[in-house]
Every structure is written in structure tokens, then in C-alpha cells.
1. What aspartates and glutamates could a cross-link reach from K240, if we take a straight Cα to Cα line under 12 Å and drop same-chain neighbours fewer than 8 places away?
2. Could you order peptides 186-193, 233-240 by the average number of other Cβ atoms within 10 Å of their residues, highest first?
3. Measuring with a 1.4 Å probe in the full set of protein chains, what accessible area per residue, in whole Å², belongs to the range 58-108?
4. At 222 nm, what helix-only mean residue ellipticity would the chain give, in deg cm²/dmol to the nearest 500, using -39500 (n - 2.57) for each DSSP H run of four or more?
5. Between M145 and D274, what is the FRET efficiency for a Förster distance of 30 Å, r being their Cβ-Cβ separation, to the nearest 0.05?
6. Note the listed values [x] 33, 59, 8; [y] 23, 40, 21, 10, 4, 1, 0; [z] 31, 54, 14, 1, then indicate which one is P(r) over Cα pairs in 20 Å bins from 0, in percent calculated from this particular structure.
7. Which residue fluctuates the most in the chain, going by a Gaussian network model with Cα springs under 10 Å, if the choices are I111, I177, I49?
8. Taking the dipole about the Cα centre of the chain, with the C-beta of Lys and Arg at +1 and of Asp and Glu at -1, give me whichever of A55, I29, W82 is farthest to the positive side.
Amino acid sequence: MEYLDFELPIKELEEQLDKCAIIGKESDIDVTNTCKQIEKKLEETKRKIYKNLTAWQRVQLSRHPNRPYTMDHVNAICGDSWLELFGDRNFKDDKAMIGGLGKIDGQSFMIVGQQKGFNTKTRQYRNFGMANPEGYRKALRLMKMAEKFGIPVLTLIDTPGAYPGLEAEERGQGEAIARNIFEMINLKTPIIAVIVGEGASGGALGIGVGDRVLMMENTWYSVISPESCSSILWKSWEYKEQAAEALKLTSADMKKQKLVDDIIPEPLGGAHYDRVTTFKTVSQYITKAFNELKDLSTEELVAQRMDKYSKMGEYKE
């Protein structure tokens, strides 16, 4: 288990608990009460830390190396029903953007999402979850296929942003993202979007339009990352914590501003502490969202989606 800087008190107590258990096994000393006291203190410390997380600490949790990525969710929730589809039928297959068919509680979904990779080799292979234009065009191709066959769309968002390279811009990165937003607004099938990690900038918006947009508890969703915001406003990354607070990018902030529809709770400590519970909870929320949408007519679905996004940003003086 890897620990973040604010989790070091937990690491110390867990190490003490392990040592206590070893002493109990290797000697005749009864350490039961001592171990119980450490366990109690460990539980209290965890609750104290995780119930009072700052915006920046939630950003750190969303990037935790042990956190389940998009394909972890897909494999756990869909099992053997997952069938991956490839290519944008124009340029090539983008490995940062995955897509395919899968069943959740017996219901077929067209699933699209960003995949980061879990070690150096796979992160390079997946381009760190930063899709090129062909990734967004592949996503759109699959969503239009889902529309044709009346299959609901599920998007899983986890990206530090769309790939900003010169070749991506040459192939129309901005146009590809804008086209996806335009087409998703008018897509004649239910769309459920779930932010499972980072939701940064247009990279997230390119597959982020939905009838129901859900955020996992320890994720973030913003037009810019805290580091980039800090470097623009203060010419330094040192103010990323202040930037994170100012951006109002946490799930609670986004729900309060009515930019997302619901928050998916995570186990104490984050999704990586109990993957089984995490996958079960995510599956339940997806099913719940679909049940709210499945009986709507195509016209009602598109009208409600347009109305929802038209109201965003409204305010009274």
C-alpha cells in the first residue's frame, strides 16, 4: 500500500499494529489489549483524516496509484460480457480511450472511457489517459452506434486532460471535443457519465455530457487542474492547494452548484481500500440512474438534457 503525505499518521499506526501482532506470535506475551488499543486509535485517526479532507487532498486521492482505473471498473462490473471495440474508422485506434459493449445487471451498455495505465509501460501505452482526436472520434462512433441500436451509453471519466501535443492540434483536437459535446446533447439514447478519477478540462467534457452525471466521492471535475491554475495565476505550482480550494472542484462543490446529479460514496480511505464494495456501489448507482431514464421517450430525453445544460451558469443578482 502506498501512502499520501497526509496519510502518514495512518501508516505509522498500521506499522505499530503489525509489530504488535508479530510480538504476540513470536513470544508468550499477551498483546491482545495493546493491539485493540492501536486498532481503536487507527480507526479514530482514519475517520478524523478522511472526514476532513481538503480539496487538494481529494485531488491527491483521485490520483492515488492504487485507485481503480476505468478498466478495473469495467472488468469488475461487466465481467465476461465485456466486448471491446476499436478504431475511429478514420485515423487509428487511440489506446487512451477505451470503448465497447458490456452488461450491467443484465442491461447492455455502450461503455466509453479513458484508461491511464497502472505502471510505466502501460501508462506510456495509454498516453497517461490523455486522448488524441481519434480517441474522441472513436467514442463518438460508438455512441452513434449505440443510438442506432437503442443501447444506453455509459461514460467513465478519468483523465488529466486531452492530449495537448502539436500532432493532436493538427488533427483537430478542439473540433473533435466540440463535435462530441454537440452530438451528445442530441443523442437519442440515455447517457450516464461517471467521474471515477480525474475530470480535467475539455478532455473530460468530450465524453462528459449526460442525462445523469455522477461523481465518485474522492474525485474532481474542473476546467483546469490546480497545478495549471496555480502556474497561470501565481506563475508557480506552489499555490496548487489554494487553487484547488478556489476552483470548487470537489464532488460536494459540484453537487452544490448543480453541475452533477449525484455523489457515489466511497469506502473510508478511498476506493482503493475496498475495491469490491466500490465496484458494487458504482454498479448500483449506474442501475439506479438508468432506471430513472429508461421509460422516457426519445423526445423527452433530449429535451430534458438540453434544458439541464441550458440552466447551468444561471444566477440571480
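1. E227
2. 186-193, 233-240
3. 44
4. -15000 deg cm²/dmol
5. With a Förster radius of 30 Å, E is 0.30.
6. Looking at P(r) over Cα pairs in 20 Å bins from 0, in percent for this model, the match is [z].
7. I49
8. Ranked along the dipole, the leading option is W82.
The values are calculated or read from the model by the stated rules, or taken from the named source; none is laboratory data. This is a predicted model, so every value here is computed, not measured. FYI the Cβ positions are ideal-geometry reconstructions off the backbone, even for glycines, and counts take in every protein chain you see. SASA here: full protein model, heavy atoms, side chains in, ligands and nucleic acids out. Shrake-Rupley method; radii C 1.70, N 1.55, O 1.52, S 1.80 Å.
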